[in-house]
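Scroll down for the structure; my scribbles are underneath it.
The values are calculated or read from the model by the stated rules, or taken from the named source; none is laboratory data. A quick note: this is a predicted structure, and the numbers were derived from the prediction, not measured. Cβ coordinates were reconstructed from backbone atoms using ideal geometry, including for glycine residues, and neighbour counts include every protein chain displayed.
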Ligand SMILES: Cc1cc2nc3c(=O)[nH]c(=O)nc-3n(C[C@H](O)[C@H](O)[C@H](O)COP(=O)(O)O)c2cc1C
């Protein structure tokens, strides 16, 4: 059983798409993700699985916090942008509406559906990923009535009226 077989099988799962945002030396940074999971409601806890080769992995070890922005169907361009490994000096957020959250100061994408502002409580290294277990310190509703962006079969699809 190979990693390729696993990757192929996972293409059949449909998920929402999020932008996990952080700050690196004062600059906002974001990466596109779908491996996020609510693990507890008491206390509210969200898990994010980040590949060890992602720059976000290194950043999260320093910042100790992250914000999970759930993307709306009209944020596909943002999902594509944050999935590309642009140079750190590039302004990933050019033309994107955002503000710092109150609790952690990480970027809140104003066009997202809802955001979970999290402080890292545990890190669990598993294979080529680390599970960052975050306590949700604030939920920030933004455009909750919009349909979500969905990822399946290696591409984006949209749902809703
Ligand atoms: C729809 C989608 C979902 C993704 N989910 C994850 C994920 O859950 N974890 C992860 O480590 N990378 C995930 N990626 C890949 C990262 O977005 C990609 O490696 C990105 O370049 C990492 O950015 P960084 O190096 O600036 O941190 C996903 C990509 C796409 C397009």
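Data for the structure
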{"read-out": "Selection within the stretch 82-114 - touching a strand residue (DSSP E or B) at 6+ places or on another chain (Cβ under 8 Å), within 16 Å of the ligand (Cβ to nearest atom) and without any contact (Cβ under 8 Å) to a residue 40 or more places away in the chain", "value": "96"}
{"read-out": "Residue list for the stretch 121-145, filter: surrounded by fewer than 17 Cβ atoms within 10 Å (Cβ to Cβ) and either in contact with a helix residue (DSSP H, G or I) (Cβ under 7 Å, 6 or more places away or on another chain) or assigned to a loop (DSSP other than H, G, I, E, B) (or both)", "value": "127, 128, 143, 144, 145"}
{"read-out": "Exclusive hit being under 25 Å from residue 128 (Cα atoms), within 8 Å of the ligand (Cβ to nearest atom) and at pLDDT 95 or above, set 14, 48, 19", "value": "48"}
{"read-out": "Restricting the stretch 58-72 to residues that are surrounded by fewer than 16 Cβ atoms within 10 Å (Cβ to Cβ) and touching a residue at least 12 places away in the same chain (Cβ under 8 Å), the residue that is nearest to residue 130 (Cα to Cα)", "value": "61"}
{"read-out": "Restricting the stretch 31-45 to residues that are within 11 Å of the ligand (Cβ to nearest atom) and over 14 Å from residue 117 (Cβ atoms), the residue that is surrounded by the fewest Cβ atoms within 10 Å (Cβ to Cβ)", "value": "37"}
{"read-out": "Selection within the stretch 118-135 - touching a strand residue (DSSP E or B) at 6+ places or on another chain (Cβ under 9 Å) and within 18 Å of residue 3 (Cβ to Cβ)", "value": "125, 126, 128, 129, 130, 131"}
